[in-house]
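Just so it is clear, none of the values below were taken in a lab; they were calculated from the coordinates. Here the structure is a predicted model, which is why all the values come from computation and not from measurement. Cβ atoms come from the backbone with ideal geometry, glycine included; neighbour counts cover every protein chain shown.
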Amino acid sequence: MNRKELLTVGFKRIKDLELDNPEYLKWVTRFTVDVMEQDLGEQGDITTRLLFGFQTYPATALVRVKEDGVLAGVEEVTWFLQQEGIKVKQLIKDGERVNVGDTVLELRGSKRKLLETERTCLKVLQRMSGIASTTRKVIDEIVEAGLETMIVATRKTHWQLLDKKAVYLGGGGTHRLGLWEAILIKGNHLEELKREGYAENYIEEALNRVWNQRETVAFIEIEVETEEDACTAAEIFKRLQQQGEAIPCIVMLDNMSPEKIGRVIKKLKKRNVYDHVLLEASGGINQNNVLEYAKTGVDVVSLGSLTHSPKALDMNQNLIS
């Protein structure tokens, strides 16, 4: 596989973020059905009950956006509402751009159910769309600069896989979905190996220990903080790849300045190991400086801010009949 193909295999795994995946459905259930049950408590929606009793008169509601952005969460909300007996007509699909005033969903069901599910529905749509919108803004900036750098989120998520799905719908990559499906050797792992007696060859020891599991994981990545460690990791990856078919092998350049990353790339090319690894820039990167990092030539730039502090996309839901 070429560089772009390896990047897609490792960091764009949308199949794991679809509703027919039991693990993903578990997270969707947790942030929809479970959240609404907590919201209703033992007494249910007392306001709606006192005003309208237990009537099940049919009604129609529209969900509209109140600001421009990128829509996400439609599939998840549709599944949730259907569990509650509400019919959903999707007027705009996930991943599409939306403008102020656009109607994205038409809902038909009992008035009581539409009122009970309203806040849960909007929470999912607003958060996921906010993440997708921010991701798309970053990617638009990258594309306008003539670059193809992939933008990904970290695992600093609040809504777990739903946040990852939102980044993907905004045009970004999934990166690691959980501890169970990819190998990412971080600084704490390496420090522990040093304490075990591998102070001189901790990178080699770490990669040797995990390499035999390469066929069972999405990718193998190692975090480094120095130029020399980056070169060492790439050289070891190159040697290990000679043992059999390679998977995405990534060197994470953590907390390095763009200038330092530029020097790393030059050294990797000089040592003839650049083509054997993918490079990720991470740490201290935000929307204000992401372009500087993308211009260095790394394959991936990760931003924790995409998911740990996103701005929700404003929406509302109104009964029309």
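The table below lists the values:
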item: Top of HIS175, HIS308, HIS189 by mean-square fluctuation, Gaussian network on the chain, Cα under 10 Å; result: HIS189
item: Volume per residue that the Cα convex hull of segment 187-321 spans, once the total is divided by residue count, Å³; result: 174 Å³
item: Spin-label zone in segment 226-268 - amide nitrogen under 12 Å from a point set 7 Å from the Cα of ASN289 along the C-beta vector; result: 255-261
item: Relative contact order for the chain, counting Cα pairs under 8 Å that sit 6 or more residues apart, in percent; result: 23 percent
item: Orientation-averaged projected area, Cα convex hull of segment 97-158 (nm²); result: 6.1 nm²
item: Residue among LYS87, LYS113, LYS15 with the largest mean-square fluctuation in a Gaussian network model of the chain, springs linking Cα atoms under 10 Å; result: LYS15
item: Shape call, segment 139-252: gyration tensor on alpha carbons, a/c limit 1.5; result: prolate
item: Cα gyration tensor category, rounded, prolate or oblate, for segment 39-133 with a/c compared to 1.5; result: prolate
item: Extension gain, LYS194 back to GLU96 (0.36 nm per residue minus Cα-Cα distance, nm); result: 30.4 nm
item: Environment charge of TYR293, counting only residues whose C-beta is closer than 13 Å and scoring Lys/Arg +1, Asp/Glu -1; result: -4
item: Diffusion constant of segment 1-76 at 37 °C, which comes from Stokes-Einstein with the Kirkwood Cα-pair radius and 0.692 mPa s, µm²/s; result: 195 µm²/s
item: Note, ³J(HN,Hα) from phi for segment 68-75, Karplus 6.51, -1.76, 1.60, rounded to Hz, x at Gly and Pro; result: 5, x, 10, 7, 8, x, 5, 5
item: Rough spin-label spacing in nm, given labels placed 7 Å along Cα→Cβ, for GLU245 and LYS266; result: 3.9 nm
item: Backbone N within segment 47-80 under 15 Å of label point (7 Å from THR103 Cα along the Cβ vector); result: 59-66
item: Vicinal HN-Hα couplings computed from phi for segment 209-214 (Karplus, 6.51 cos²θ - 1.76 cosθ + 1.60; Hz; Gly/Pro x); result: 5, 9, 4, 5, 9, 4
item: Virtual spin-label span in nm between LEU319 and ASP34, 7 Å along Cα→Cβ; result: 3.1 nm
item: Relative contact order (percent, whole number), segment 63-210, Cα cutoff 8 Å, 6+ residue spacing; result: 21 percent
item: Inter-label distance for PHE52 and ARG3, nm, one decimal - labels placed 7 Å from Cα along Cα-to-Cβ; result: 5.7 nm
item: Selected from LEU193, LEU62, LEU179 as most flexible by GNM, with the chain as the system and alpha-carbon contacts under 10 Å; result: LEU179
item: Amide H partners (placed H, <5 Å) of MET315, local residues excluded; result: LYS66
item: Beta bridge orientation in the chain: antiparallel %, DSSP, nearest 5; result: 50 percent
item: Cα gyration tensor, segment 121-189 - rounded (a/c under 1.5), prolate or oblate; result: oblate
item: Distant-in-sequence amide H partners of LEU177 (H built 1.01 Å from N, under 5 Å); result: none
item: Pairwise centroid distance, computed over Cα atoms, of segment 1-52 with segment 243-321, Å; result: 26 Å
item: Sum of -39500 (n - 2.57) over DSSP H runs of 4+, divided by residues of the chain (222 nm, nearest 500); result: -13500 deg cm²/dmol
